[in-house]
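Student: My questions will all concern the structure given below.
The values are calculated or read from the model by the stated rules, or taken from the named source; none is laboratory data. All values derive from a computational prediction rather than experimental measurement. Positions of Cβ are backbone-derived with ideal geometry, glycine not excepted, and every protein chain shown enters the neighbour counts. Heads up: the accessible areas ignore ligands, DNA and RNA and are worked out on the full protein's heavy atoms, side chains in. Shrake-Rupley method; radii C 1.70, N 1.55, O 1.52, S 1.80 Å.
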Amino acid sequence: MLKISEQLSVPSSEIELKAVRSTGAGGQNVNKVATAIHLRFDLEASSLPDRYKYKLLKLNDSRISTDGVVVIKAQQFRTQQQNREDALRRLKDLIKSVSTPKKKRLPTKPSKGAKRRRLDSKAKRSQLKTSRKKVDYD
C-alpha cells in the first residue's frame, strides 16, 4: 500500500515493479545483478479518484505515456531495495504534485513611488527630445 496522503492511498497490486539491469559503468556487478527498478502504474485501471487521473493525464510529463501508463526507472542507487523505495517515492511525488491546487495569481498595482519615478523619467526624456529639436542648422 502506497500512502499518498491521509485520505488517499494506492494498493500495491496496482503498481507493477520489475527488477532490471542498470545501465552504465558498474564495475564487477555490471551485467550480473538486476538492481534497477522499472515501475509501471496504469492510471486508467487505478483506483485513484477521477480528478487525479484527469490532472495526471493532462500533465506534459515524459514519464506518462499516451496510453496513460506511468513508467519510472530508478537506477540511482546500488541496491534493489533503495531503488524500489526511490521509484515509489517518485510516483508518490508525481501524484502529490497534482493534488495541491494552484494558487490564484493576484494582480498587483505599482506603488506611488514607482508611478512618480516613471512619470519623472518620461518628463525628463521628453524635455531632452524637445531641447534637441530647437537646434537650428543654418
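Student: Read through the labelled values [x] 28.4, 92; [y] 17.3, 54; [z] 13.8, 46 and report the label of the one computed as Rg and Dmax of the Cα atoms in Å from the structure.
Tutor: [x]
Student: Which order, highest average first, do 78-89, 6-17 follow once you tally other Cβ atoms within 10 Å for each residue and take the mean per peptide?
Tutor: Working: 78-89: 16.0, 6-17: 13.0.
Ranking the peptides 78-89, 6-17 by packing returns 78-89, 6-17.
Student: So how much accessible area does Val98 have, in Å² to the nearest 10, using a 1.4 Å probe?
Tutor: 10
Student: Could I ask something else about it? Probe 1.4 Å, all protein chains in place: accessible area of Leu2 in Å², nearest 10?
Tutor: 20
Student: Apply the Karplus curve 6.51 cos²θ - 1.76 cosθ + 1.60, θ = phi - 60°, to the phi angles in the stretch 60-68 and return the couplings in whole Hz, x for Gly and Pro.
Tutor: Residue by residue, the stretch 60-68 yields 8, 10, 5, 7, 9, 7, 5, 7, x Hz.
Student: Count the net charge of all other residues whose Cβ sits under 14 Å from the Cβ of Gln80, scoring Lys and Arg as +1 and Asp and Glu as -1. Mind showing how you got there, number by number?
Tutor: Working: positive: Lys18, Arg21, Lys32, Lys73, Arg78, Arg84; negative: Glu85, Asp86.
Here the charged neighbours net out to +4.
Student: If you place +1 on the Cβ of every Lys and Arg, -1 on the Cβ of every Asp and Glu, and leave all else neutral, what size is the dipole of the chain about its Cα centre, to the nearest 20 Debye? Intermediate values should be presented prior to the final figure.
Tutor: Numbers: 34 positive and 14 negative charges, 354 e Å.
Magnitude of the dipole: close to 1700 debye.
Student: Could you sort Arg132, Arg40 by accessible area so the largest value comes first, with the probe set to 1.4 Å? Numbers along the way, then the final one.
Tutor: Numbers: Arg132 150, Arg40 105 Å².
Accessible-area ranking of Arg132, Arg40, largest first: Arg132, Arg40.
Student: Here's another thing I want to ask about it. Ignoring everything but the protein chains, give the 1.4 Å probe accessible area of Thr23 in square angstrom, nearest 10.
Tutor: 90
Student: Next up: Along the charge dipole of the chain, Cβ charges K/R +1 and D/E -1, which of Leu39, Thr130, Asn60 sits furthest on the positive end?
Tutor: Thr130
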